[in-house]
Every structure is written in structure tokens, then in C-alpha cells.
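Structure first, commentary second.
Read-outs: derived from the displayed coordinates by stated rules, not from any lab. Bear in mind the structure is a predicted one, so any value in this text is a computation, not a measurement. Virtual Cβ from ideal backbone geometry, glycine too; neighbours counted across all protein chains shown.
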Amino acid sequence: MALPPGFLDELRARVPISEVVGRRVTWDMRKSNTARGDFWACCPFHEEKSPSFHADDRKGFYHCFGCGAKGDAVSFLREQGNLGFMEAVEELARMAGLQMPAQDPAATERAQARKGLAEWMEAAAAFFRTQLAGGRAADARAYLARRGLSRTALERFGLGYAPGDRRALTEHLRGMGAPDRALADAGLSIAPEDGGPAFDRFRDRVMFPIRDAQGACIAFGGRAMGDGAKAKYLNSPQTPLFDKSRTLYNHGPAREAAGKAGALIAAEGYMDVIALSEAGFAHAVAPLGTAVTAPQLEMMWRMADEPVLALDGDKAGLDAAMRVIDVALPLLKPGKSLRFALLPEGLDPDDLIRAEGAGAMRAVLEAAEPLVAMLWRRETEGRPVDSPERRAALDMRLRAALAKIADPDVRTHYRAALAERRAAFFRPAREARGGWTPGRPRGATGGFGGKGSMGRGGAGRGAWGAGFVDAPLAETKASALLRGAETRAREAAILFALSGRPALLERFGEQLAELSFESADLEPLRRGLAALAPMIADMDAEAAAAAVRAVVDPARAEDLANRAGAAHLGFAGSDCDAAEAEAGLADAIARCAAAAQLLAEVRDAEVSLGEDADASLDMRLRTASAMANRLREGAVKSADSDESHLSDAVRAAISGEIWVKRPR
């Protein structure tokens with residue numbers, strides 16, 4: 001929402017910076033001069049023994065001479081509270097006693113209604129806390145004692161008790177002037193359909209106040225004490241204050257703690273969060289008994305880059321982890337992901353901490369698996385892949401998961417990571433069928449027979465692993481490595497063309513920086529020209545030419561021309577006009593990029609191949625290499641060609657492992 005002009009200035013004028021900062025530090029009164037609005041303290045952003053943190057009320061700014069932290073009241077609230085901008089403004093407005101600007105009359109009316117409901121929610125929370133100390137809450141206190149909750153924890157989280165009486169809370173709040181409509185809208189009471197008197201939603205339950213990020217009570221969760229309750233845990237319904245899909249239990253305190261710890265834990269329930277906090281993990285939240293939602297994930301990522309989901313060690317916990325994967329995949333961004341900490345079977349964080357202590361919980365958190373590992377586990381665990389059809393089904397599931405990832409960079413890296421896991425997953429199966437492994441004599445038999453099904457000491461074509469032929473021919477190995485004379489000549493031509501036309505260097509500098517030349521001795525020239533490219537725009541023609549000559553002197557330019565050869569210099573010569581040179585250079589760069597990608601992928605396939613040999617392997621590897629060479633030489637026609645299609649074609653061949661020995 002847009003703030004009206006002058007609103008922030010008024011906030012800063014009403015609330016001195018010393019008042020904002022003074023909530024988090026103790027001012028050194030020996031060094032401070034309060035009359036002048038000059039305050040000093042030890043810095044809240046780093047550890048120090050002598051005060052180097054300065055706040056100036058007259059200017060409205062703070063500055064630490066030790067760590068360099070500086071800003072105004074809004075930035076201080078954002079940094080110390082791990083708040084968003086508007087949240088910090090709202091906090092400052094509360095301190096100033098100002099209303100946030102209303103967007104429209106309807107919004108103002110809704111805001112007033114929410115404010116009224118929030119007041120009754122706070123009154124209900126106070127009522128529940130009082131009831132927990134009364135005689136009717138003996139069972140509730142005994143339950144909390146068995147769960148190991150300290151008095152400090154009860155007070156910090158505001159736990160209470162809802163009496164078993166049908167109308168205890170309703171009558172109490174009505175006595176304070178609460179309208180029946182407000183109690184129903186807040187989710188505190190239920191009006192029967194037959195028109196009878198409203199009754200309490202929560203009865204005979206331990207009560208957990210649910211607060212928003214700013215600390216306002218917006219809902220409750222209740223844990224049943226009696227055996228006859230339909231639900232052990234009961235949450236408030238959706239209200240004008242509460243949307244459970246956009247709320248996290250312990251959000252406010254965890255956000256501040258996460259800002260300091262640089263980490264966030266997401267557990268399953270209230271007791272898990274409280275137990276984690278008691279054990280020193282204050283940066284813990286819970287999604288209120290629902291599957292983690294997309295808005296909740298976004299909220300978590302505003303607190304930490306890789307929240308850790310600490311899930312119960314049972315089937316339900318594992319199922320919850322698998323559901324989160326599908327929620328997270330479309331939302332993944334560079335640097336934003338999840339990790340999964342799976343607890344021992346039958347234990348939740350509360351159980352583990354009470355049984356084995358905080359150290360055991362820390363060990364589980366440190367062993368958390370990345371999302372990609374959980375995705376692979378979901379698609380492979382308990383799913384046989386012992387037939388072509390089942391392998392194809394696995395590939396289909398993996399492709400479907402990849403398709404859900406919206407960010408192209410993240411999707412690319414997931415594709416590579418899953419391909420690595422797939423290759424490692426199937427390699428042991430090939431070795432078990434009789435594929436040669438290091439340390440095993442070539443020609444040794446696999447799972448059947450002494451000398452192969454035909455008794456020829458390894459040349460047979462019977463059962464899997466019955467024998468081997470000679471290793472792939474030398475020329476096949478050479479083909480697999482994509483002999484790069486053509487590519488190296490093209491690389492020299494690119495550098496020669498750019499050295500003679502600095503204006504094109506400005507145009508193609510970014511693409512040049514992304515290339516990786518096969519010619520190792522040309523890499524320094526490529527890097528030098530790429531580094532120069534961003535500066536060309538600020539140079540006149542003479543200065544640009546001189547700068548290029550400093551990287552590629554005339555002798556090197558002549559050498560580049562010789563290495564490129566006549567076949568590749570058509571676009572680089574002085575007789576070409578600018579348009580022809582630009583088009584030719586674009587084509588050459590695109591071809592080089594495609595060739596480099598193909599080379600890397602087929603070399604990776606060569607590594608996966610190892611030393612295994614088979615009668616069909618030589619033919620298959622020849623086929624793969626020939627296809628790669630055809631793509632490299634002919635598939636790229638212009639700078640606008642779709643290189644992703646080129647890569648996908650080769651990736652499909654490698655994914656299919658066409659060189660691998662197949663059962664006959």
C-alpha cells in the first residue's frame with residue numbers, strides 16, 4: 001500500500017530514534033548527553049565491550065562506528081525484528097499512536113471491526129490464563145507438568161485453560177459488554193441453528209493463543225483434556241482476524257530469533273514449538289495442524305533462506321514431507337529452498353528433547369536432507385524399477401516434478417542433480433547383472449555359468465553378464481570425445497572478429513563471458529575481451545581500439561587469423577559490412593555455445609561408461625557421438641536458435657544411456 005506524503009516524516013518526528021532503539025539497548029549514561037538527544041550504547045548488531053553505537057535524536061539516525069550499521073527508526077525495526085517494510089511502519093505507527101492510512105472507507109470499516117474483535121480475543125486470552133490457575137484446571141496443570149513445561153514457558157506462550165462449562169467464556173465476555181455477534185465473528189462462540197443461546201467453542205481444553213507477527217491474539221488452539229472430545233486438537237475457524245493458511249504459530253518471536261540465528265525450524269504442532277523453544281531453539285514455528293501452504297512457505301522464506309521442516313518420525317510425518325514438496329517446487333528460487341529433518345520413528349521434537357535432550361535434536365537438525373534428496377526418495381523408495389516400463393514410469397515422474405519448477409535456473413540444476421542420482425541408482429544394477437567393476441578380471445562371468453552361456457570364455461551372447469568383448473575401439477573413444485578442431489577454429493575466428501570490431505564487443509560481451517573455450521590457450525584472451533566489453537560504451541573509437549589492442553596485440557591477431565583459417569574468416573574480414581559481421585559472429589558464438597554444451601554432456605556420459613565393454617556398446621557410443629557431431633555442426637543456424645532444444649536432444653540420448661549393455 002502507498003503511504004501518503006509526509007506520513008513517515010511525521011512518524012519519525014513523533015517517535016525519537018532513542019525511544020525505538022532504547023527498547024533493545026541500555027544507554028551508557030556516562031557517554032550520552034540526553035539534553036542534546038545524543039545517545040551511546042553497545043551495539044545490538046555485534047558483540048562489543050565498549051559503546052560504539054550512536055543514536056542522534058536531532059537527525060533521527062543511528063550509526064555504529066564498530067560494524068558500520070546505520071539507518072533510521074524503520075530500518076532499525078526491520079533489522080532487529082526481522083520485519084518487512086510495512087510491518088516496521090505499522091510498528092512505528094503504534095509507538096507514535098497514529099493510525100495507518102486507510103485505503104478506502106470500506107477498508108477503514110473492516111479495520112475498525114478487526115480492532116474490536118482483537119480486543120475481545122485478548123480478553124479471552126486473559127480469561128483462559130486466569131482459569132489455568134483455578135481449581136477446575138487441575139487436570140490441565142497435571143498434563144502440562146507431564147509434558148515438562150516450565151512456568152516460564154507457560155507465561156511466554158500465554159497458555160490457559162477453557163473450563164468445561166458450556167457458557168463460561170461467553171457469559172464472562174458478555175459481562176464485559178461483548179456483543180454476541182462479535183463473539184461469533186471472533187470464533188469464540190457458536191450460535192445453534194435452532195436459535196438457542198450461544199455456547200463456547202472451546203470447552204475443557206488447554207488453550208494456546210495464536211498471535212500474528214505483531215503479537216496480536218487472532219485465534220486459539222485447544223488441546224482436549226477429556227476422552228470424549230471429537231477432536232484432540234481444535235483450532236479457531238476462519239475469521240476476519242484469522243486465516244490459518246497464512247498464519248504460523250509463534251511467528252513473531254521466531255522471526256526475531258531467526259534473524260539472529262540465520263535459521264528457521266518448522267515443526268508440526270504447538271507443543272513441538274514450545275519444547276524446541278525451551279531447548280534453546282527459539283526460531284521455531286508451526287503451520288497450525290494443516291499441510292504447509294504456499295503463503296506459509298513465503299512467510300518462512302522471509303525469515304530464513306532454507307527453513308528446516310522437523311517432522312514426526314512416523315508415516316504421517318513422512319507423508320506430510322512429501323506433500324510439502326509439491327507445494328514448494330513451483331515456488332523455488334535461487335537461494336530459497338527447504339531441508340527436511342526426519343526424527344526417529346515414533347518420536348516428535350517434544351518426545352525427542354524430553355527423552356534425549358537438546359543435543360539429540362540438534363543432531364537431527366544438522367542431518368537434515370535437502371529438498372532434492374526428499375524428492376528422489378519419494379519417487380524411488382518402495383517403487384521397483386526392475387523393468388523398462390517401470391524405469392520409464394520413474395522418468396515420467398521425475399519429468400513431471402521438474403515441470404513444476406517455475407524458475408529456469410533452479411530447474412536446470414534440479415535436472416542435473418536428478419540425472420546424477422539416476423545414473424548412480426542404476427549403475428549398481430548393471431554391475432550386479434555382470435558389468436565389469438574395478439578389481440574384477442575382464443572376462444569374469446556375471447550371475448550365470450562359468451564361461452558364459454556358449455562356453456567361449458566371455459564372448460557369448462547368452463544370459464546377462466555372461467561375458468565381454470574387447471573394449472571400444474580407439475576411434476570410437478576419440479569420437480566420443482568430439483574431436484574439436486572445427487570448434488577451436490571457430491573460437492579463434494570469434495576472437496579475431498571482436499579484436500577488429502570493438503563495437504561488436506559491446507554487443508556480444510555478455511555472451512562471450514558465458515562461453516567456455518575448448519582452446520585452453522585462448523581462454524585468457526576470451527576473459528580479457530569479456531572483461532573489457534562493459535567499458536567499451538564509455539570510450540570513443542580510438543580509445544576502444546587501443547584498449548582492445550592491449551588484450552589482443554597485432555601478433556596475436558595474426559595468429560588467430562591463421563588458426564581460424566579461411567573457412568571461418570568470412571564474417572571477420574575487413575571487407576564484410578557491419579551487418580554481415582554481426583550476423584556471422586552471432587552464428588559462430590551460438591555454435592560454440594552449443595558445441596561446448598554437447599562436449600560437456602557427452603564427456604559426462606563417457607565418465608559414466610567407465611571401462612565396461614559390450615558387443616553393442618561400440619555401435620551405440622558411435623551413434624551417440626555421431627548424433628552429437630551432427631547437432632554441433634548443423635543444428636545451430638543463427639544466434640536466435642533454440643539452444644535448449646539442442647541440449648535436450650543430447651540429454652535425452654544420455655538419459656536413455658544408449659551405450660549401456662541391454663538384456664538380450
### Query
Using +1 on the beta carbon of Lys and Arg, -1 on that of Asp and Glu, and nothing else charged, what's the dipole of the range 105-242 about the Cα centre, debye to 20?
540 debye
### Message
Need one number: nm distance between label points at residue 523 and residue 392, each 7 Å from Cα along Cα→Cβ, rounded to one decimal.
### Response
4.2 nm
### Query
Most exposed first by the Cβ proxy, i.e. fewest other Cβ within 10 Å, how do 414, 249 rank?
414, 249
#### Entry: Gain in span if fully extended, residue 369 to residue 193, counting 0.36 nm per residue against the direct Cα distance
58.4 nm
### Summary
Extend 7 Å from the Cα of residue 537 along its Cα-to-C-beta direction; within the range 489-514, residues with backbone N under 12 Å of that point are 506-510
### Query
For residue 550 and residue 35, FRET efficiency with R0 = 41 Å and r from the beta-carbon atoms, rounded to 0.05?
0.10
### Task
With a point put 7 Å past each Cα toward its Cβ, work out how far residue 139 is from residue 99 in nm, to one decimal.
4.6 nm
### Summary
Taking alpha-carbon centroids only, the range 165-184 lies from the range 50-91 a number of Å equal to 43 Å
### Query
Using the beta-carbon distance between residue 151 and residue 112 and R0 = 41 Å, what value does 1/(1 + (r/R0)^6) give for FRET efficiency, to the nearest 0.05?
0.65
### Query
So for the pair residue 409, residue 56, with labels modelled 7 Å out along Cα→Cβ, what separation do we get in nm?
3.8 nm
### Query
What's the exposure ranking of 270, 161, going from fewest to most Cβ atoms within 10 Å?
270, 161
### Message
Cut-off is 10 Å between beta-carbons; in what order do 65, 199 appear when sorted fewest neighbours first?
### Response
65, 199
### Isotropically averaged projected area of the range 105-242, using the convex hull of Cα atoms (one quarter of hull area), nm²
9.3 nm²
### Task
Could you compute the FRET efficiency for residue 383 and residue 246, with r as their C-beta to C-beta distance and R0 at 30 Å, rounded to 0.05?
0.30
#### Entry: Net length gained if the chain between residue 486 and residue 10 were fully extended (0.36 nm per residue, minus Cα distance)
164.5 nm
### Message
What is the ratio of the Cα radius of gyration of the range 7-96 to 2.2 N^0.38 Å, with N the residue count, to two decimals?
### Response
1.02
